[in-house]
Amino acid sequence: FRLPNLLCSLQPGLAMSSLTGTFSTQQPLNYRGAARVLPADGCGPAEDVYEPATGRVISKVQSSGEQEVDLAVQSAKAAFHTWSQLSGMERSRVLLEAARIIREQREEIATLETINNGKSIFEARVDIEISWQCLEYYAGLAGALAGEYIQLPGGSFGYTRREPFGVCVGIGAWNYPFQTACWKAAPALACGNAMVFKPSPFTPISVVRLAEIFTEAGVPPGLFNVVQGGAATGQLLCHHPDVAKISFTGSVPTGIKIMEMASKGIKPVTLELGGKSPLIIFSDCDFDNAVKGALMANFLTQGEVCCNGTRVFVERQILDAFTKEVVKRTQKIKIGDPLLEDTRMGALINRPHLDRVQAFIKQAKEQGAKVLCGGDLYVPDDPKLKNGFYMQPCVLGDCRDDMTCVKEEIFGPVMSILPFDTEDEVVERANNTKFGLAGGVFTRDIQKAHRVVAALKAGMCFINNYNVSPVELPFGGFKASGFGRENGRAALECYSQLKTVCVEMGDVESVF
């Protein structure tokens with residue numbers, strides 16, 4: 001790849017090329033007041049940042065302490081006063097310019113994402129395409145934000161206004177670092193808010209590039225700030241008195257803690273949490289399409305996707321044929337260097353997470369599941385990749401609903417196949433989970449498809465496809481998978497508050 005634009009923006013202190021194992025940066029990874037900065041204070045020792053493909057340390061990140069968090073929030077607060085007074089059309093033009101920059105530099109940004117995240121460059125390109133499309137979408141809506149007018153008796157009237165909250169906090173996940181930041185920032189900024197964003201400490205690098213792009217596009221200095229850190233930094237952000245709204249993407253346990261912290265300040269939250277989603281394959285499906293759907297529902301980003309359909313329910317008439325074909329195609333998935341064009345599965349995010357996924361497979365076997373393929377650690381032939389965090393994608397058979405591998409989110413490339421006999425049975429089993437993020441149905445019977453998705457207790461459903469995330473459609477879950485929505489017009493309601501104004505055109509009717 002040619003990376004002149006990215007190299008210019010990231011130098012000095014950075015070495016990067018299109019080759020895996022050559023990236024490193026010593027630049028500050030916090031962003032405040034339109035500049036990269038070192039944190040004013042820190043929480044604990046600096047943490048290593050890895051390149052998953054090689055296991056190399058490519059940077060270190062210092063968690064931001066109370067002073068740095070306050071400086072970032074105050075920077076955002078000052079910028080908010082300017083940004084919120086702009087018209088929607090003025091904000092739209094800035095968001096469109098940011099989208100243009102991302103689109104122009106999409107190859108460089110995708111490469112940076114792959115290096116820090118481990119996913120294939122093929123997937124990273126899709127993530128960046130969705131990112132600039134997200135900014136374009138909300139740029140189009142920014143000028144259309146409006147309330148409503150209500151006629152009242154006697155010539156009086158009322159109206160409503162959509163107003164921004166102020167300083168919003170975004171807390172992102174490591175599986176889609178750049179895209180998640182865009183999903184949160186685009187509607188927040190379109191509504192007139194400022195944002196302080198904390199990426200995962202595992203993937204701190206690409207979000208700083210987004211902050212620089214917003215500055216280049218013309219946002220007021222400080223409108224979008226980045227603070228690095230783990231749980232301690234997140235707690236400081238959630239408790240800060242000048243933070244008005246919190247949006248979090250991540251695990252259920254962390255989401256519970258964020259909701260508890262936000263409740264102390266009565267702050268609205270958006271929670272996009274985990275899932276253990278059902279994928280229902282009926283015998284009347286387009287067989288080849290259903291097989292492809294099952295692979296898409298389980299092995300994108302090395303299985304590290306919250307809405308993945310990891311409980312694959314297959315109607316018994318086609319169970320053997322479907323399982324055989326899924327195993328055959330899973331075994332053909334090309335694993336290895338994520339920057340190579342033909343790689344379809346890269347490395348998991350880090351060693352502890354890889355060990356966690358391996359432990360789930362071991363437990364599944366102990367509980368009676370059969371490993372039909374994969375599940376072992378994988379060592380690529382390329383010697384520079386020998387310390388990377390790779391494993392073979394795994395398909396489990398002989399699964400039961402009460403197994404841990406079927407009930408708990410593994411967040412790795414592990415598919416569990418379960419047989420079913422009737423529609424009513426599979427719907428009941430599909431809903432028998434604390435999660436409710438997504439669900440999928442493959443069938444040629446369109447009436448049955450709509451009937452089943454109507455019965456699924458999940459916020460995002462797919463018919464004859466899976467893991468499609470157009471920015472025009474809301475994304476979010478039911479039950480323990482969270483509430484509030486990313487994307488679509490629904491996200492505008494999550495980043496704005498409604499004010500009602502009642503205007504009396506006559507005398508006040510007093511009871512006194």
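The values are calculated or read from the model by the stated rules, or taken from the named source; none is laboratory data. Source: prediction; values computed, not measured. Neighbour counts are summed over all protein chains in view; Cβ atoms, including those assigned to glycine, are modelled from backbone coordinates with ideal geometry. These area figures cover heavy atoms from the full protein model, side chains too; ligands, DNA and RNA do not enter into them. Shrake-Rupley method; radii C 1.70, N 1.55, O 1.52, S 1.80 Å.
Data table
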read-out: Chain lengthening between Asp242 and Glu366 when straightened (0.36 nm per residue, less Cα-Cα); value: 39.6 nm
read-out: Cα-projected label distance for Glu129 with Ser263, points at 7 Å along beta-carbon direction, nm; value: 4.3
read-out: Solvent-accessible area per residue for the chain (1.4 angstrom probe, square angstrom); value: 40
read-out: Gyration tensor (alpha-carbon) shape descriptor, the chain, a/c threshold 1.5; value: oblate
read-out: Carbon and sulfur %, accessible surface of the chain computed with the full protein complex present, 1.4 Å; value: 55
read-out: Cα gyration tensor, the stretch 222-290 - rounded (a/c under 1.5), prolate or oblate; value: prolate
read-out: Residue-averaged 222 nm ellipticity for the chain, from DSSP H runs of 4+ at -39500 (n - 2.57), nearest 500; value: -11500 deg cm²/dmol
read-out: Extreme residue, positive dipole direction of the stretch 30-274, given options Gln235, Gly147, Leu223 (C-beta unit charges); value: Gly147
read-out: Residue-span extension gain [Arg356 to Asp342] - 0.36 nm each, minus C-alpha spacing; value: 2.3 nm
read-out: Protection proxy ranking, peptides 198-205, 185-192, average beta carbon neighbours within 10 Å, highest first; value: 185-192, 198-205
read-out: Burial order of peptide ranges 376-386, 297-307 (average beta-carbon count within 10 Å, highest first); value: 297-307, 376-386
read-out: Using alpha carbons only: equivalent-ellipsoid semi-axes of the stretch 30-274, gyration tensor based, whole Å; value: 31, 22, 16
read-out: Cross-link table Lys198/Lys292; Lys328/Lys407; Lys119/Lys324; Lys324/Lys407; Lys276/Lys499; Lys245/Lys479, entries beyond 30 Å C-alpha to C-alpha; value: Lys198/Lys292; Lys276/Lys499
read-out: Efficiency of FRET between Asn387 and Asp41 - r from beta-carbon atoms, R0 30 angstrom, step 0.05; value: 0.35
read-out: Centroid-to-centroid separation of the stretch 37-98 and the stretch 326-358 [C-alpha atoms, Å]; value: 31
read-out: The stretch 113-176: radius of gyration and largest Cα-Cα distance (Dmax), Å; value: 20.3, 66
read-out: Contour excess over end-to-end distance, with Cα ends at Ala321 and Asp445 and 0.36 nm allotted per residue; value: 42.6 nm
read-out: Anisotropy class of the stretch 32-139 from Cα gyration tensor, a/c 1.5 cut; value: oblate
read-out: Mean Cα-pair separation over length for the stretch 322-455, i.e. relative contact order, pairs under 8 Å, 6 or more apart, %; value: 19
read-out: Where Rh is the Kirkwood radius over Cα pairs, Rg/Rh for the stretch 273-396; value: 0.97
